[in-house]
Each structure stands twice: as structure tokens, then as C-alpha cells.
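Below: the structure, in C-alpha cells.
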Amino acid sequence: MTQQPLLESGSPALRELRFAVLDLETTGGSPKARWGKDGRFLQPSEITEVGLVRLSGLVVEDRFSSLASIQGFLPEEIQRLTGISLPMLAGAPPWEQVALKLAPKLEGRIWVAHHAPYDGSFLKAWLPEGVWRRHRLICTRLLAKKLIPELPRRSLADLCDFLGITNTRAHRALQDAEATAEALQHLIRRAEEQGLDGEAFLAAGDVPWSKV
């Protein structure tokens, strides 16, 4: 099974591409159980919130967001960073219900995230294999490295500052997805100015699933 969506013959124009821009909030750094450097056994982290902005070229089509209840622990530092609390998650649907609503919105689109290896690792762990395997994953951080080489730091906050994007609720999924979508629009325009076609643009941001 291919890991990338089929494209039309020839390289597509940038504004013909259809994107699903995602951001996830989670309980920790990895969806896999592992041993920490301090010798402690760490349980797999869970998704607490998903934000999605769908674009057709530069045009925003719609948005989706949802909290997701968890089975495990939500660290205090994560609660302070995101503003997501255990009482908020207690009333949220389980991930299985969120995934059933999310998956159809992802179909036939190129998936985009700012730290795509991180978000991709959770998507790979928490969505059915048949869903993520047939989609392409693109990282706006890698795109910024290619298209804005003068930018010394490429966190989402740094990229937003450089591009003049306002993100008043950083570390909430929908707001970060909206900021990433706006950054993607800027990057598409820069790619057009630099003469990149659709395939060259995607190649600059590619994150193979084998590397996630």
C-alpha cells in the first residue's frame, strides 16, 4: 500500500492541492510506552485535543476541533501550558468517537503540521493504519527551512512572529492549527514567487511515515 496519496499525472499546481492542517495537544511527548533516561517506566501519552483546518489551495474551507477524554494522567505542567484541565476532559468524548468524526475530514488531503514528526507519531499510533498510510505528511517547519532560509529559529511562535501572524491562544489545538494554516498560506505564496510547483513544494516538507 502506498504511503502517499496519488496525484494527477504531472506535477500539480500549488493552488490545486488540498490540505488538512492539524495540531494535537497531548499528555506528554510520546505515544509509545518507554523507559525514561532517569530509569522510570513511562506510560504512553494520550491525545487530549485535536484542531483541524482544511484548505483548498489558499482558501480555508472549514474547521474542526474537539477535546478527548483520557484514561491516564495529565501532568500539572501540561495543564499549565495548555489550560486543559482534568474536569474539561472528564466531559469530553473518548478518542474513538473523536477519531470517527476526524478521519473522514482527513480523507484525500495532504496532512500538514508544524512539528509533523511529533504530531505524526500520535496520528500513526491513534488512527487506523489504513488511514494514515494512504496520506502524505508535510511539515511547515521543513518548508520554512527551504523557503525562508534567513529565519534562524523555526518554532511556530518564531514563524508567526516573522510572518506577522497573531496567535493569542498558543498551545490550544485549533488556534495552533489556524496559525499553522495561515503560515502555510504564506509559504505557498513564497513557493510561487520562487517558481516551485506542487511536487517540489511537497518534497521540501515531506516527512515519511517510516521516519515518524
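The numbers here are math on the coordinates, done by the rules we state, and not lab data. Source: prediction; values computed, not measured. Heads up, the Cβs are rebuilt from the backbone with ideal geometry, glycines too, and the neighbour counts pull from every protein chain shown.
With a Förster radius of 25 Å applied to the beta-carbon distance between THR168 and ALA13, the computed FRET efficiency rounds to 0.15.
Report, in deg cm²/dmol and to the nearest 500, the calculated mean residue ellipticity at 222 nm for the chain, where each DSSP H run with n ≥ 4 adds -39500 (n - 2.57) and the sum is divided by the residue count.
Helices in the chain give a 222 nm mean residue ellipticity of -11500 deg cm²/dmol.
A Cα-only calculation for region 1-105 places Rg and Dmax at 17.5, 52 Å.
What pairs from LYS37/LYS146; LYS32/LYS145; LYS37/LYS211; LYS32/LYS146 go past 24 Å between their alpha carbons? In this structure, LYS37/LYS146; LYS32/LYS145; LYS32/LYS146 lie more than 24 Å apart at Cα.
Within a straight-line Cα-Cα reach of under 21 Å, LYS101 can be paired with the following lysines, leaving aside sequence neighbours fewer than 8 residues apart in one chain: LYS124. For helix 95-106, what angle does its Cα long axis make with the longest principal axis of the chain, in degrees from 0 to 90 and rounded to 10? For helix 95-106, the angle is close to 0 degrees. Sorted on the mean count of surrounding Cβ atoms within 10 Å across their residues, most packed first, peptides 66-72, 185-191, 99-105 read 185-191, 66-72, 99-105.
May I ask for the net charge around HIS186, where only other residues with Cβ less than 15 Å from the Cβ of HIS186 are counted and Lys, Arg are +1 while Asp, Glu are -1? Kindly include the intermediate steps, with their values, before the conclusion.
Values: positive: ARG15, ARG141, LYS145, LYS146, ARG154, ARG189, ARG190; negative: GLU150, ASP158, ASP161, GLU178, GLU182, GLU192, GLU193.
Value of the local net charge: 0.
When the charge dipole of the chain is built from unit charges on Cβ atoms (+1 for Lys and Arg, -1 for Asp and Glu) and taken about the Cα centre, the candidate among CYS139, GLY57, ALA157 whose Cα reaches farthest toward its positive end is CYS139. For the chain, the longest principal axis of the Cα atoms and the long axis of helix 173-193 meet at an angle of about 20 degrees.
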